[in-house]
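Following: one structure in structure tokens, then a few remarks.
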Amino acid sequence: MSCWETVQAYAFRSIGFGENLLPKSDFTLCQQVTLIGSGLIWNIYFGVLALALGFFLAVGVALAKSSPRALVRKPAEWFVFVFRGSPLFIQFFLAYETLQLLPKAGVNVLGITVETAWTTRAWAGALFVLFLNTSAYAAEIFHGALKSIPKGDLEAAEAFGITGWQKFRRIQWPTMLRLGWPSYTNEAIFLFHATTLVFFSGFPAFRQMGDALYYANYFADKTFNPFVPYPIVAVYFICLTLIVTVIFAAVNRRLNRHLPSNVRSRIRLRPQFIR
Amino acid sequence: MFAACADPKTIEGLTWLSCYLTSGKHLDFYWSFVTVLLLLAVTAPAALAMGFLGASAARSRLLPVSIMGKGYAAVVRGVPDIVFFLFFVIALDQGIEYLKSLAVCADHTWPWQGLEFRVCPEAKVPLGASSAFWHKAYGFGLAVFTFAIVFGAFAANVLYGAMNAVPKAQLETAEAYGMSHGQVFRRILVPQMWVYALPGLSNLWMILIKATPLLFLLGVKDIVYYARELGGSKTQAYEYPHPDWRLWYFLGLLVFYLIFTKVSELVLARLSARLNRGQATAGGEALRKAGS
């Protein structure tokens with residue numbers, strides 16, 4: 001099988017298209033690069049969707065956490081504490097076991113039977129956990145950003161008669177985003193790294209459709225040679241990290257465009273890896 | 001454990017529960033919490049040492065050494081840690097066995113042959129005949145080493161930043177007094193950097209706590225392994241039959257980690273307050289302004 005044929009057979013294997021059987025013997029470098037790259041689709045799927053959905057929940061939780069009302073603030077504080085204080089790995093297991101307990105036949109809601117089997121599958125269950133997890137981490141970032149908005153800005157807004165929703169929309173929201181963005185970039189990168197945990201934590205890979213690390217692990221198990229597949233994953237992830245950094249840096253430039261160049265917040269990679 | 005537990009099928013209620021929770025397997029489960037604490041106790045200093053080496057190397061004036069130090073931190077930070085956990089355990093195991101095979105085996109063929117890794121039986125680590133304890137200890141040792149390498153890179157980054165945060169004037173003054181580079185490093189830089197490193201290191205400690213369930217992936221029988229094993233539904237063939245209780249076991253683990261991180265947070269906050277108290281230097285003032 002030539003390399004191009006391999007690419008045709010396995011490029012979309014992780015989402016169920018192409019050759020059904022994984023290679024069993026005579027592993028070529030081309031096969032490993034293609035299949036691991038195909039698995040990367042799942043990492044991107046989990047990362048992008050969890051980030052996109054989690055952003056809104058995170059802003060909501062951050063606002064709730066800064067609320068003066070205890071009834072609103074306490075649940076937000078607990079949400080952030082539980083998801084930031086425990087390992088993501090355990091959260092995956094716990095979510096999987098909980099979803100397993102849903103009745104197999106489906107739940108009856110107002111006469112309509114709602115299927116529940118899909119919730120235990122990785123694409124839904126793991127995405128849900130990642131969504132909640134990244135929301136909690138990002139909420140903490142945005143909460144910190146909200147707290148560090150200069151007092152003078154808020155007082156100036158009130159002096160101009162800008163209050164309530166207007167004040168949030170025009171003053172707090174843009175400043176919060178600008179201040180929180182460098183940390184949020186890191187959060188995005190670590191979220192992408194965290195997606196590799198999905199298929200090692202209870203969620204089964206349905207019909208051997210797994211993520212990049214799942215296939216790398218498959219090859220390492222079969223060939224007893226870790227020196228090829230894992231570095232391939234590493235290279236893929238370094239590229240992914242670079243792309244995420246470039247996109248977030250572009251947003252960061254836009255958020256900072258009104259400031260003189262010496263006070264802009266720069267994006268710095270900081271070591272906060274495992275959740 | 002108790003006399004009443006001799007025949008678990010006949011007892012009920014609280015007695016059953018107390019017997020169940022003290023069965024042999026459960027005692028192993030409780031010991032595995034000790035394993036996690038032991039891992040933390042061994043890994044934290046080891047990672048700190050690795051980080052210190054990495055940070056010192058990155059500061060070196062010899063270009064290759066400095067590149068090595070910086071490269072170490074950069075590569076580990078760019079790649080998901082779990083890749084390293086899966087990679088290093090096999091790579092280290094094979095590397096050790098290959099080196100040993102060079103010393104003890106008669107034929108020195110390249111061990112990666114086709115689909116297997118083959119060295120002569122004498123080069124196996126630990127030897128096939130050695131006791132289960134050595135197999136466990138070897139697995140645990142590999143895990144500790146892997147954790148130390150990965151977290152050493154993060155620690156190197158923190159310590160490198162802390163070393164740069166020590167006021168330059170201090171180092172220049174020391175040089176003006178005629179101290180050599182080594183003396184400046186030992187007497188001025190290292191004693192002063194800890195207060196700058198503490199916020200980063202305490203963050204790292206929190207991350208390290210949350211990384212411990214990954215031991216499960218390294219093949220160590222840790223708390224996750226036992227929670228899955230004990231929680232799975234047990235039929236009448238077992239001494240203590242029960243339905244699928246994995247949810248409760250994992251809930252227990254979650255609570256364990258939440259309490260652990262909370263306690264660490266409190267202790268670290270006190271430590272930080274203690275270190276910062278009365279720091280009238282420019283560095284202490286900067287720390288106070290930074291709010292840590």
Calculated from DSSP helices alone, with each H run of at least 4 adding -39500 (n - 2.57) and the total divided by the residues of chain A, [θ]222 nm to the nearest 500 comes to -21500 deg cm²/dmol
Quick calc, residue B:7 & residue A:242: beta-carbon distance into FRET formula, R0 56 Å, rounding 0.05, result 0.30
Lys/Arg Cβ at +1, Asp/Glu Cβ at -1, dipole of the stretch A:38-255 taken about the Cα centre: which of A:81, A:165, A:108 is farthest positive-ward? A:165
Helix-only mean residue ellipticity at 222 nm, chain B, DSSP H runs n ≥ 4 weighted -39,500 (n - 2.57), per residue, nearest 500. What is it? -23500 deg cm²/dmol
Is the shape of the stretch A:38-255 best called rounded, prolate or oblate, per the rule: a/c under 1.5 gives rounded, else a/b larger than b/c gives prolate, else oblate, with a ≥ b ≥ c the square roots of the Cα gyration tensor eigenvalues? oblate
Dipole size in debye (nearest 20) for the protein assembly as shown around its Cα centre, Lys and Arg Cβ +1, Asp and Glu Cβ -1? 2160
Pair residue A:119, residue B:187: separation of 7 Å Cα→Cβ label points (nm): 6.8
By the mean-Cβ-within-10 Å protection proxy, highest first, A:155-166, B:15-26, B:252-263 rank as B:252-263, B:15-26, A:155-166
Between residue B:41 and residue B:229, what's the calculated FRET efficiency when r is the beta-carbon distance and R0 is 25 Å? Round to 0.05. 0.50
What helices does chain A have that are whole DSSP H segments, at least 15 Å long along their own axis by Cα, and with mean Kyte-Doolittle hydropathy of -0.5 or more? A:29-65, A:70-85, A:88-101, A:122-147, A:173-194, A:212-223, A:229-255
Partner lysines for residue B:100 [C-alpha distance under 16 Å; skip if fewer than 8 residues away on the same chain]: B:124
Within 10 Å of each Cβ in peptide B:201-214, how many partner chain Cβ atoms are there on average? Round it to a whole number, please. 4
Looking only at GluC sites (Glu not before Pro) in DSSP loops with at most 16 other Cβ atoms within 10 Å, what is the longest site-free stretch of chain B? B:13-238
At a Förster radius of 51 Å, what calculated FRET efficiency corresponds to the Cβ-Cβ distance of residue B:61 and residue A:20, to the nearest 0.05? 0.30
Nearby lysines by direct alpha-carbon distance to residue B:168 (threshold 24 angstrom, same-chain neighbours under 8 apart not counted): B:70, B:289
Is the stretch A:21-161 best put as rounded, prolate or oblate by its Cα gyration tensor, with a ≥ b ≥ c the root eigenvalues, rounded for a/c under 1.5, and otherwise prolate when a/b is larger than b/c, oblate when not? oblate
Take peptide A:78-84, look around each residue's Cβ out to 10 angstrom, count Cβ atoms belonging to other protein chains, and average those counts. 2
XL table A:167/B:262; A:74/B:234; A:74/A:151; A:74/B:210; Cα-Cα > 30 Å flagged, in table order, is A:167/B:262; A:74/B:234
Based on Cβ point charges of +1 for Lys and Arg and -1 for Asp and Glu, what charge dipole magnitude is obtained for the stretch A:50-163 about its Cα centre, in debye rounded to the nearest 20? 200
About the Cα centre of chain B, what is the dipole size in debye to 20, counting +1 per Lys and Arg Cβ and -1 per Asp and Glu Cβ, all else neutral? 1040
Rounded to the nearest 10 degrees, the helix B:24-59 long axis (Cα) sits at an angle to the longest Cα principal axis of chain B of 20
Count charges around residue A:35 for me, please; just the other residues with Cβ under 15 Å from its Cβ, Lys/Arg as +1, Asp/Glu as -1. -1
By its C-alpha gyration tensor, with a ≥ b ≥ c as the square roots of the eigenvalues, how is the stretch B:3-290 shaped: rounded for a/c under 1.5, else prolate for a/b larger than b/c, else oblate? oblate
Rounded to the nearest 10 degrees, what's the angle between the helix B:132-165 long axis and the longest principal axis of chain B, both from Cα atoms, 0 to 90? 30
For chain B, find the longest principal axis of its Cα atoms and tell me its angle to the long axis of helix B:81-104, 0 to 90°, nearest 10. 90
Taking the simple approach of a point 7 Å from Cα along Cα-to-Cβ for both residue A:153 and residue A:44, what is their distance in nm? 3.4
Note, residue B:87: beta-carbon cut-off 13 Å, +1 each Lys/Arg, -1 each Asp/Glu, net -3
Which whole number gives the average, over all residues in A:215-222, of C-beta atoms from other chains lying within 10 Å of the residue C-beta? 2
Can you list the aspartates and glutamates whose alpha carbon is less than 16 Å from that of residue B:136, not counting same-chain residues fewer than 8 positions off? B:28, B:93, B:222
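We did not get these values from a lab; they are worked out from the coordinates using the rules stated. Here the structure is a predicted model, which means the values were calculated and not measured. A quick note on method: Cβ atoms are made from the backbone with ideal geometry, for glycine too, and the neighbour counts reach across all protein chains shown.
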